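Heads up, the thing below is written out as structure tokens.
Each reported figure results from applying straightforward, stated rules to the coordinates on display, with no laboratory input. The structure presented is a predicted model; accordingly, all values stated were derived computationally and were not measured. All Cβ positions, even for glycine, are placed from backbone atoms using ideal geometry, and neighbour counts span all protein chains on display.
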Amino acid sequence: MQEISTPESLDAYEPAEEPTPEQAVEQAAQVAETAAAESSAAGSLVTEPRAAETPAGGSEPAGDFEEVEVGNSGSPAAIGYVADSESARVLAGRLEARGLSATIKPGGIHAAVTEYRNAMTPRLLFVDLSNTPDPLSEIDALAEVCEPGTIVVALGDENDVGLFRALISAGIADYLVKPIAAEAIDAALENAAEQPAVSENTEEGKIIAFIGAHGGVGSTTLAVNCGWTIAEEHQKQVAIVDLDLKFGSVSLAMDIEPGRGLREALQNPGRIDGLFVAGAAININDRLYVLGSEEPIEDNVNFDAEALDILLRELRRKFDVVILDLPRALASTMQPVLNDATVIVVSDMSLVGVRDTLRIVGFAKRAAVEGKVLTVVNRAGADKKAQIPKNEFEKGIEAKIDIVIPEDTKAMALANHTGKAVAVVAKRAKVTGAIRELCKSALPTEEIEKKRRSFWRRKKEK
């Protein structure tokens, strides 16, 4: 058998260090230049380096570098379409320095317009106007495909006050002249972080907190289904926050991978701003977002009410409704954030349910001084032998049951299997109707219509 040679000393082996985003962009550009030079020197059919391809319908170059990603693997808080490697290097470096997840793509504004005809725009979008004959027309085209609340920062070669004023008038947040300086990007990011996603409305979003009286009553299931119903049928911007950082199942119920930003936000609340939240949240669709986690069991993950309060203040600026899936073990320490919340105590009609519901409803009434408390019986009829009569249950908890959610094993199993809301898989089921009633009871009597507008103020105000 042939002997395979190995290094004399494995101890001398040191793995190469992971390149920084700036180095990655620079290396990609150098590889492209070297390949073109070698091809020309070898006398190949391509006698000159090929110019960057131009997308159909536009005049911008495709870029001289490969796509670069920084931050966690969740939905990026920022996406940039940049024409040159140097601008991409600086932009990627500054976004990483602020702890933001981002993707930098080769191209310019036309590439962004093309992509977002069939995709959702991020919270923060950088677009390159270099080599664009009519920047304002491209901005108008971008406005047609962007989601409301998107913040757009433009880059370009022209140092023209008239162009700057026209872009700002069109709703662009900032215009950075190349070569872009790190300080200019930092200033643009600071400005973006201060801009609320909801315009012309100072009302804070409503907090709805779900607490299970004991394990297995389906509190998380109701939180998820109410979140979907409020987002889709009431047309509200909704964030669901799963505060069980180790065993929470909101992400699992919605068939998504848990994000990585919730623990960071709660343990380092000083980093929380609009862009950080946008990077931590996983979007289900353009109205429904989830913040959850799945931390290692052995980790000591602690946070206090003050940290959660900071996160909730930011979320309430961005969303109409913030739904908390609150483990009962955390309820007492989170009391300060429930002051004006609607607290929904979920139980079954068992003897244990009577005992625990009585205690948690009492706590919720003391906590939600300016809010309200709803008592919900879930999975009614699931095990009739173990359930006590409704009148005896109400006598035991010293309160009336507000909503009864009937058991529907088939509909709930299908919803759980597909990762969809029960209203999607069983629109006319009794359980779906009961969840709709719960949502109506949880929301304010007079719902405030929050009119959102996109970055293109000029178009909307015509």
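The figures follow:
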read-out: At R0 = 45 Å, FRET efficiency that the Cβ-Cβ distance of Arg271 and Val352 yields, to 0.05; value: 0.65
read-out: Cα gyration tensor category, rounded, prolate or oblate, for the range 303-428 with a/c compared to 1.5; value: oblate
read-out: Gln235 versus Ala119: modelled label distance in nm, points set 7 Å from Cα along the beta carbon direction; value: 2.8
read-out: FRET efficiency, Val301 to Asn339 (Cβ-Cβ, R0 22 Å, nearest 0.05); value: 0.35
read-out: Modelled label reach - Lys384, point 7 Å along Cα→Cβ, the range 394-416 residues with backbone N closer than 16 Å; value: 406-409
read-out: Alpha-carbon gyration tensor eigenvalues x 5, square-rooted, for the range 52-194, Å; value: 20, 17, 16
read-out: Gain on full stretching of the segment that runs from Thr409 to Ile256 - 0.36 nm per residue minus C-alpha separation; value: 52.8 nm
read-out: Amide hydrogen neighbours beyond the local backbone of Asp128, cut-off 5 Å, H modeled; value: Tyr81, Ile109, Leu155
read-out: Shape parameters for the range 388-445, alpha-carbon atoms, Rg then Dmax in Å; value: 13.9, 39
read-out: J(HN,Hα) series, the range 175-190, from Karplus relation 6.51 cos²θ - 1.76 cosθ + 1.60, nearest Hz, glycine and proline x; value: 10, 10, 8, 6, x, 6, 8, 4, 5, 5, 5, 4, 5, 5, 5, 4
read-out: Long-range HN-HN contacts of Ile344 with modeled amide H, under 5 Å; value: Ala209, Phe210, Ile211, Leu374
read-out: Sequence-distant residues sharing a close amide H with Lys236 (under 5 Å, placed H); value: Ala231
read-out: Shape category assigned to the range 241-282 from the gyration tensor of Cα positions, a/c cut at 1.5; value: oblate
read-out: FRET efficiency for Lys372 and Glu69, using Cβ-Cβ distance with R0 set to 41 Å, rounded to 0.05; value: 0.40
read-out: Spherically averaged projected area of the range 125-183 from its Cα convex hull (nm²); value: 4.1
read-out: Fully extended contour minus Cα-Cα distance, from Ala166 to Thr418, at 0.36 nm per residue; value: 85.9 nm
read-out: Low-density loop cleavage sites - trypsin sites (Lys or Arg not before Pro) in the range 390-421, where at most 12 other Cβ are within 10 Å (DSSP); value: Lys400
read-out: Gyration tensor verdict on the range 238-382 (Cα atoms; rounded if a/c is under 1.5, prolate if a/b is larger than b/c, oblate otherwise); value: prolate
read-out: Environment charge at Asp242 (Cβ cut-off 11 Å; Lys +1, Arg +1, Asp -1, Glu -1); value: -2
read-out: The range 359-429 versus the range 114-148: alpha-carbon centroid distance in Å; value: 45
